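These notes are about the structure you will find just below.
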Amino acid sequence: MNLRDLHYLVALAEQRHFGRAAEACFVSQPTLSTQIKKLEDELGVALVERTPRRVLLTDVGREIAARARDVLNEVEQIKGIARRTLDPESGTVRLGIFPTLGPYLLPHAVPLLRQRFPRLELLLVEEKTEEVLRRLREGQLDAGILALPVHNDNLHAEFLFEEPFLLAVPQSHPLAKRASLKLADLAEHSLLLLEDGHCLRDQALEVCQLAGAGEKSGFRATSLETLRQMVAAEVGITLLPTLAVKPPVAQAPNMRLVEFRGSHPPSRRIAMLWRKSSAMGGFLKQLAGVFRELPKDLLDPRDVVATTRRSASA
């Protein structure tokens, strides 16, 4: 048994197809199939149930693949320790981030990361929260930037920043005339929300519940950009996080942004998470520190609120 064969088995468990698994491992399909059969012969058990259309792992195959994934993760940890002993700021970090934050945070953060760690290779993966968490648990990612709370005792959470929400309304909407809002002002209103699976949807629903607001029926967006355009088209109103309306993001026409006031205005808390067992914990703390160095005005909504107010009166 060798690490290469374990890598083939893990790829097969993930792809459920010999051809795709071989492609992921950069080998031919016959090579991968032969090595899997040799591994079965060595272990004396069937790992794979071969069907005409797809590949299924046997019960023991799934269990061995899960342990093989752990072994490969530990090997990567060992290699990472060795690399960072020679050069603490080099190597590769696989970082996951969710779609309603990644496109808006990374243009501001990546230049700072390159300046601070010029030899670092940062591999970015944009997925919904549950997928980032799954890949983090399985060792496919080194860290993830997610919205709190995250309930997992095996993960360390390093708080980064708090991002306020703004209310986005068409220029003709009655709330567009308000300088600021309280949560109670949303009572009886219906908001446009994202589809299931987005953590921003859950956060917006929580705000709706606190405010006595509801969800606009018959519509669920797949992205923040869709929400923004629907507001501009006067389909409804929605909540947008501050970073999603900051330059270089272009302002949508016919849309007004209104900030919330009060002791607890709606916001989301962003953190970097990694496995407590990770050998990279010390370096990931340094990485998180760079995200905390973002300019403070980047999370201040007042400038973009003022911009939309001026455009409304022009």
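No value in this document is a laboratory result; all are computed from the given coordinates. Just so we're clear, the structure is a prediction, and the values are computed from it rather than from any experiment. Here Cβ is always computed from backbone atoms with ideal geometry, including for glycine, and neighbour counts include all displayed protein chains.
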Given (i) 42; (ii) 51; (iii) 37, the label whose value is percent of Cα pairs over 28 Å apart derived from this model: (ii)
Relative contact order (percent, whole number), the chain, Cα cutoff 8 Å, 6+ residue spacing: 20
Shape category assigned to the stretch 1-63 from the gyration tensor of Cα positions, a/c cut at 1.5: oblate
C-alpha long axis of helix 281-291 to longest principal axis of the chain, angle in °: 30
Straight-distance crosslink candidates among aspartates and glutamates, where the alpha carbon sits under 20 Å from LYS37 and sequence neighbours closer than 8 are dropped: ASP5, GLU14, GLU23, GLU49, ASP59, GLU63
Global form of the stretch 109-165, assessed from the alpha-carbon gyration tensor, a/c cut-off 1.5: oblate
Range of Cα positions in the stretch 57-183 per principal axis (Å), largest first: 61, 43, 23
Rg/Rh for the stretch 59-127, where both radii come from Cα atoms and Rh is the Kirkwood radius: 1.11
Principal-axis tilt of helix 29-43 within the chain, Cα atoms, nearest 10 degrees: 60
Principal-axis tilt of helix 59-86 within the chain, Cα atoms, nearest 10 degrees: 80
Anisotropy class of the stretch 7-119 from Cα gyration tensor, a/c 1.5 cut: prolate
Size of electric dipole in the stretch 131-190: Cβ of Lys, Arg +1 and of Asp, Glu -1, about Cα centre, debye, nearest 20: 300
For the stretch 3-81: relative contact order, % (alpha-carbon pairs under 8 angstrom, 6 or more apart): 32
Whichever aspartates and glutamates have a C-alpha closer than 14 Å to that of LYS128, once near sequence neighbours (fewer than 8 apart) are set aside: GLU195, ASP196, ASP202
